[in-house]
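Engineer: Supplied in structure tokens, the structure appears directly below.
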Amino acid sequence: MVTVGEQAPQFTAPKAGGAAYDDIEPLSLSEALGNGPVVLAFYPAAFTSGCTEEMCTFRDYYDDFAALDATVYGVSVDLPFAQNVWIREHDLGFPMLSDWNHDLVDRYDVALESGHGMELAERSVFVIDGSGEVVYRWVRDGENPDFETLVADVRAAIDAET
């Protein structure tokens, strides 16, 4: 289990977020950390009501995260092509990482077995500071995180590191 104070597991994953359904490029965590803190927001599945609500709320709070120099990435086991369609459909404005091979859900210990024999991502949020240390961890407690508290907690965690 990845906990606060540990180094985040490194990875490279397909990043969706371009204008076309096939705009996909690899993103490594080490590359992303060069731009400041990283927020990994794991969600079970694109196009579902709870996940759409959660990612649209991340969209609505995006300026709060940007003010902290934090970059938000949604993470699911969906294919990046589907993620690109979902991003455009809901004007999400931030990229998604495709964990179609289930590497990230296993490394971050947030694998969720669905009732249909599929492994999904447990709704969770990890914040990783510029040195690669996990400074915040939230794993599903109810439906979606309380975003006012989440932003305040992320701000406090980042401030504590500086």
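The values are calculated or read from the model by the stated rules, or taken from the named source; none is laboratory data. Please read all numbers here as calculations on a predicted model, not as lab measurements. Glycine also receives a Cβ, built like all others from the backbone with ideal geometry; neighbour counts cover every protein chain displayed. With ligands, DNA and RNA removed, areas are computed over all heavy atoms of the protein, side chains included. Shrake-Rupley method; radii C 1.70, N 1.55, O 1.52, S 1.80 Å.
Engineer: What are the ³J(HN,Hα) values, in whole Hz, obtained from phi via the Karplus relation 6.51 cos²θ - 1.76 cosθ + 1.60 with θ = phi - 60°, for each residue of the range 31-47 in sequence order, with x given for Gly and Pro?
Structural biologist: After applying 6.51 cos²θ - 1.76 cosθ + 1.60, I find 5, 5, 5, x, 9, x, x, 10, 10, 9, 10, 6, 9, x, 7, 4, 6 Hz.
Engineer: If amide hydrogens are placed 1.01 Å from N in the peptide plane, which non-local residues have theirs closer than 5 Å to the one on Ala46?
Structural biologist: Correct list: Asp78.
Engineer: Taking only complete DSSP H runs, can you tell me which helices of the chain stretch 24 Å or more along their own long axis by Cα positions and average at least 1.0 on the Kyte-Doolittle scale?
Structural biologist: For the chain, where a helix must reach 24 Å along its axis and average at least 1.0, there are no hits.
Engineer: Go through 149-159, 33-43 and give me the packing order, highest mean Cβ count within 10 Å leading.
Structural biologist: The densest-packed peptide leads the list: 33-43, 149-159.
Engineer: Percent of accessible area on the range 20-162 owned by carbon and sulfur, 1.4 Å probe?
Structural biologist: 47
Engineer: For the chain, set up a GNM with springs between Cα atoms under 10 Å and report which of Glu122, Glu53, Glu31 has the largest fluctuation.
Structural biologist: For the chain, modelled as a Gaussian network with Cα springs under 10 Å, the answer is Glu31.
Engineer: Express the accessible area of the chain per residue in Å², computed with a 1.4 Å probe while the remaining protein chains stay in the model.
Structural biologist: Heavy-atom SASA per residue in the chain reads 46 Å².
Engineer: Pull out a ≥ b ≥ c, the square roots of the eigenvalues of the alpha-carbon gyration tensor of the range 11-96, then state rounded if a/c is under 1.5, prolate if not and a/b is larger than b/c, and oblate in the remaining case.
Structural biologist: Because a/c hits 1.5 or more and a/b fails to exceed b/c, the range 11-96 counts as oblate.
Engineer: With springs only between Cα atoms under 10 Å apart, run a GNM on the chain and tell me which of Thr71, Thr48, Thr12 wobbles the most.
Structural biologist: Thr48
Engineer: Still on this structure, I have one more. Go ahead and set up a Gaussian network model of the chain, Cα springs under 10 Å, then flag whichever of Met118, Met55, Met96 fluctuates most.
Structural biologist: Of the options given, Met118 has the highest mean-square fluctuation.
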